[in-house]
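If you scroll down you'll find the structure; I have some questions about it.
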Amino acid sequence: MTEATVTTRIVIISIPYTEPLPMVAPALLSGCLNHAGISARGIDFAIEFLNCFIDKPYWPEIKNLLALGIAPATPLPRRALIDIVKFIKSKLTDIRVKYNPEYIGLSIFTNESINFSYILIPYIRRYMPGVKIMLGGRGLELTCGIENRLHYKKYWDHGMADVLVVGDSETAIIEAINGNVEGIYLAKSQTKEDLENIPIPNWDDYDFEIYKKFDNYKIVEGNDSPGDDPRYISVTGSKGCVRHCTFCDVASFWPTYIYRDGEKIADEIIANYRKTGMRNFRFSDNLINGSISHYRKMNKRLAEEIPNKIQYRGYAIFRSKTQMPEEDFAVAKKAGCVGWTVGVESGSERIRYAMKKKFSNQDLDHGIINLHKNGIAQSHLLIVGYPTETKWDHQETENYLKRYSYLNANGMIRIGITPTFMLLHNSPLVQDSSYTQEYGLNFNLSDNMDRYFWTADTNPDNTFDVRYYRWKRLIKLVYDLKYTIHAGMPMKKWADELESLKKIYDEKKPKKVYTIFPSN
């Protein structure tokens with residue numbers, strides 16, 4: 001092969017992940033860079049890896065390696081390691097010959113991208129000497145379970161990257177390259193203007209024929225419905241959240257809710273649909289209806305330009321009938337809305353207001369009924385054991401599940417119940433002393449188990465073992481009422497984890513029996 005004579009400033013690649021989805025970061029960031037006059041290419045390295053290895057007999061071991069997010073105790077089979085190294089060498093050589101890049105950017109999408117990056121980076125140094133390694137992606141901002149520090153600090157201290165862009169990268173990556181930055185570059189908070197000016201992703205270097213091979217691939221437990229095409233393109237219409245829930249860490253990443261013009265979002269979806277032929281879209285937003293006016297504008301544009309042609313799903317909140325009247329749901333359906341995921345959290349209105357969720361039982365009923373009326377599937381996410389949750393509050397959640405169970409046929413209402421309530425380091429409950437004082441929270445975040453085993457002086461009966469039994473009771477009720485589990489919720493895995501935590505708890509804490517329900 002002949003070496004490229006024209007240098008592409010940066011080639012951005014996605015790091016292997018376990019799902020056959022178009023990774024949007026390389027396409028989006030290459031579009032931003034080219035728009036700014038910096039030559040860039042975006043390659044979905046993850047789907048090429050998946051396509052090469054998913055039919056291998058050792059794929060389960062590779063998938064386990066990716067899914068763990070920390071170095072596993074059990075090594076990969078020798079044959080797998082040899083084949084992976086050959087794949088890496090071939091792909092890196094191809095990139096060097098075609099593009100001769102100055103930088104190679106690695107998109108660390110989630111924890112599932114961490115382990116493969118450890119394998120890949122030394123070979124980039126070997127096969128692409130002199131090329132600068134740039135890392136970005138939300139996976140960098142997670143905490144390394146082995147070294148107990150943020151991943152981006154670990155990558156830098158161990159010499160695994162020349163530049164690390166931390167935070168929203170659409171503008172920051174341009175600044176880092178133009179400024180010849182070395183080391184850790186902390187992105188400034190994006191503004192609404194930044195978000196509005198983000199160009200449409202550049203899909204030119206993606207081979208969409210590969211994704212077609214996975215038409216019938218079931219991504220995760222509880223796939224959306226039989227026959228659904230699981231492949232989708234990610235869309236970002238907003239960042240942050242209009243709510244500041246006490247248990248959530250979203251505000252630590254995006255303190256202010258910012259959003260794009262609804263018509264621009266629709267135009268991006270229309271362009272991607274016509275360019276790629278992909279019909280499924282999923283929003284990366286924490287809320288697709290954080291701004292009702294722009295959500296309405298987006299739906300109206302889609303309904304007029306490509307009615308009933310595409311399908312989209314996203315996270316949303318229930319609103320009052322005055323904020324979101326019935327006709328909004330009908331237009332959303334025509335625009336292509338097929339699913340909302342809503343953080344209901346609790347059937348107790350009292351608990352939702354304590355959490356700062358700020359929607360009433362009337363709002364809950366209005367949203368559930370109108371989504372169902374228009375054939376829009378809904379997934380409700382629930383939390384067991386918020387610090388102020390009492391036996392009465394838990395019973396309210398059970399009552400809510402019973403109240404709407406008649407609508408759950410064919411998975412039209414799905415339920416997701418995460419393991420018992422865990423404290424997040426960057427959440428207001430931990431960072432705002434007024435909450436810890438109000439609730440009398442007791443925890444030590446340097447003790448990993450205290451994230452689960454915290455106590456609240458104002459509600460002393462809400463101990464881990466009580467939360468554990470309530471979780472089991474609620475899961476049983478969900479199955480008894482024949483609800484479908486929300487896609488991606490590994491219930492058996494979580495049940496096993498809770499059993500392990502319960503054993504640790506029983507060993508660490510003095511035994512004390514509480515009355516949870518008379519029937520227990």
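The values are calculated or read from the model by the stated rules, or taken from the named source; none is laboratory data. Only a predicted model underlies this, so the values are computations on that prediction, with no experimental measurement involved. Methodologically, a virtual Cβ is constructed for each residue, glycine included, from the backbone with ideal geometry; neighbour enumeration extends over all protein chains shown. Note: areas computed on protein heavy atoms with side chains; ligands, DNA, RNA excluded. Shrake-Rupley method; radii C 1.70, N 1.55, O 1.52, S 1.80 Å.
Over region 132-185, calculate the relative contact order: mean separation of alpha carbon pairs under 8 Å at least 6 apart, over the residue count, as a percent. Display every interim value, and only then the final one.
Working: 76 pairs, mean separation 20.5, N = 54.
So the answer I get is 38 percent.
Step by step: find N for the chain, compute 2.2 N^0.38 Å, then divide the Cα radius of gyration by it. What's the final number?
Details: Rg = 23.7 Å, N = 520, 2.2 N^0.38 = 23.7 Å.
Cα-based Rg divided by the globular estimate yields 1.00.
Provide the per-residue ³J(HN,Hα) series for region 241-256, in order, calculated from phi with Karplus coefficients 6.51, -1.76, 1.60 and θ = phi - 60°, each as a whole number of Hz, with x at glycine and proline positions.
My calculation for region 241-256 gives 8, 7, 9, 10, 4, 5, 8, 9, 9, 4, 5, 6, 8, 10, x, 10 Hz in order.
Something else about it: Quick query: amide H of Gly137 versus all other amide H atoms, modeled in the peptide plane; which residues come in under 5 Å with a sequence gap of 5 or more or a different chain?
HN-HN under 5 Å from Gly137: Ile108, Gly167.
Quantify how much of the Cα-Cα distance distribution of region 391-516 extends past 17 Å, in percent. Working shown, then result.
Working: 4990 of 7875 pairs.
When all Cα pairs of region 391-516 are counted, 63 percent exceed 17 Å.
Could you tell me what percent of the accessible area of the chain is made up of carbon and sulfur, with a 1.4 Å probe and every protein chain present?
51 percent
On to the next question. Which log10 I(q)/I(0) values does region 306-413 give at q = 0.24 Å⁻¹ under the Debye formula, counting every alpha carbon as one identical point scatterer?
Log-scaled intensity ratios, in q order: -1.37.
Still on this structure, please answer the following. Which residue, chosen from Met422, Gly385, Tyr406, occupies the Cα position most advanced towards the positive end of the dipole of region 324-472, where the dipole is computed from +1 (Lys, Arg) and -1 (Asp, Glu) charges on Cβ about the Cα centre?
Tyr406
Under unit Cβ charges (Lys, Arg +1; Asp, Glu -1), what dipole magnitude, rounded to 20 debye, does the chain have relative to its Cα centre? Mind showing how you got there, number by number?
Working: 67 positive and 62 negative charges, 176 e Å.
That gives the chain a dipole magnitude of about 840 debye.
Among Ala332, Asn272, Ile12, which residue has its Cα furthest toward the positive end of the charge dipole of the chain, with +1 on Lys/Arg Cβ and -1 on Asp/Glu Cβ?
Ala332
How long is the gain from Tyr406 to Arg149 if the chain were fully straight, where each residue apart is worth 0.36 nm and the alpha carbon distance is subtracted?
87.8 nm
Given a cut-off of 30 Å, name the pairs among Lys56/Lys212; Lys213/Lys476; Lys132/Lys188; Lys56/Lys153; Lys275/Lys297; Lys321/Lys402 whose C-alpha atoms lie farther apart than that in the structure shown. Present the calculation step by step, with values, prior to reporting the outcome.
Values: Lys56/Lys212 19 Å; Lys213/Lys476 37 Å; Lys132/Lys188 22 Å; Lys56/Lys153 35 Å; Lys275/Lys297 22 Å; Lys321/Lys402 23 Å.
From Lys56/Lys212; Lys213/Lys476; Lys132/Lys188; Lys56/Lys153; Lys275/Lys297; Lys321/Lys402, over 30 Å: Lys213/Lys476; Lys56/Lys153.
While we're looking at this one, here's another question. From largest to smallest, what semi-axes in whole angstrom does region 363-464 give when each is the square root of 5 times an eigenvalue of its alpha carbon gyration tensor? Spell out each step's value before the answer.
Details: eigenvalues 211, 41, 31 Å².
Its equivalent ellipsoid spans semi-axes of 32, 14, 12 Å.
For a quick protection proxy, order the peptides 459-465, 493-499 by their average other-Cβ count within 10 Å, most packed first. The partial results should precede the final answer.
Details: 459-465: 18.3, 493-499: 13.9.
For the peptides 459-465, 493-499, the packing ranking is 459-465, 493-499.
Still on this model: Please compute the net charge surrounding Leu142, taking Lys and Arg as +1 and Asp and Glu as -1 over other residues with Cβ under 15 Å from its Cβ. Could you put the intermediate results ahead of the total?
Details: positive: Arg138, Arg149, Lys153, Lys154, Arg451; negative: Glu112, Glu141, Glu147, Asp249.
With Lys, Arg at +1 and Asp, Glu at -1, the net is +1.
OK, next. By the scheme Lys and Arg +1, Asp and Glu -1, what is the net charge of all other residues having a beta-carbon under 9 Å from that of Lys56? Walk me through the intermediate numbers first.
Working: positive: Arg79; negative: Asp55, Asp83.
Value of the local net charge: -1.
Would you kindly enumerate the cysteines in the chain that have no other Cys beta-carbon under 4.7 Å from their beta-carbon?
Cysteines lacking a close Cβ partner in the chain: Cys32, Cys52, Cys144, Cys241, Cys337.
To continue, here is another question. Largest first, how would Cys248, Cys337 line up by accessible area (1.4 Å probe)? Write out the running numbers ahead of the final one.
Values: Cys248 40, Cys337 0 Å².
In descending accessible area the options line up as Cys248, Cys337.
In Å, what Rg and Dmax follow from the Cα atoms of region 439-501?
14.1, 40
Provide the per-residue ³J(HN,Hα) series for region 397-410, in order, calculated from phi with Karplus coefficients 6.51, -1.76, 1.60 and θ = phi - 60°, each as a whole number of Hz, with x at glycine and proline positions.
Residue by residue, region 397-410 yields 5, 4, 4, 4, 4, 5, 4, 9, 5, 5, 9, 8, 4, 6 Hz.
Mind listing the long-range amide H neighbours of Cys337? Cut-off is under 5 Å, sequence gap 5 or more, other chains count too, H placed in the peptide plane at 1.01 Å from N.
Distant-sequence amide H within range of Cys337: Tyr312.
What's the extension gain from Glu209 to Ile54 if we count 0.36 nm per residue and subtract their Cα-Cα distance? Intermediate values should be presented prior to the final figure.
Details: separation 155, 0.36 × 155 = 55.80 nm, distance 1.61 nm.
Full extension of this stretch gives 54.2 nm more.
Name the long-range amide H neighbours of Gly416: under 5 Å, sequence gap of 5 or more, or other chain; modelled H, no Pro or chain starts.
Excluding prolines and chain starts, which carry no amide H, the hits are His380, Leu381, Leu382, His486.
Read phi for every residue in region 313-328 and hand back ³J(HN,Hα) as whole Hz from Karplus 6.51 cos²θ - 1.76 cosθ + 1.60, θ = phi - 60°, with x for Gly and Pro.
With the stated coefficients, region 313-328 comes to 9, x, 7, 8, 10, 6, 10, 6, 5, 6, 6, 9, x, 4, 5, 4 Hz.
Here's a follow-up. Averaged per residue, what accessible surface does region 404-510 expose to a 1.4 Å probe, in Å²?
Values: 5220 Å² over 107 residues.
Roughly 49 Å² per residue, with all protein chains present.
Size of region 277-349 along its principal axes in angstrom, Cα-based, largest extent first?
For region 277-349, the Cα spread along each principal axis is 42, 24, 16 Å.
Quote the Stokes-Einstein diffusion coefficient, in whole µm² s⁻¹, for region 361-408, based on the Kirkwood radius over alpha carbon pairs, a temperature of 4 °C and a viscosity of 1.567 mPa s.
On the way: Rh = 12.1 Å.
Translational D for this selection: 107 µm²/s.
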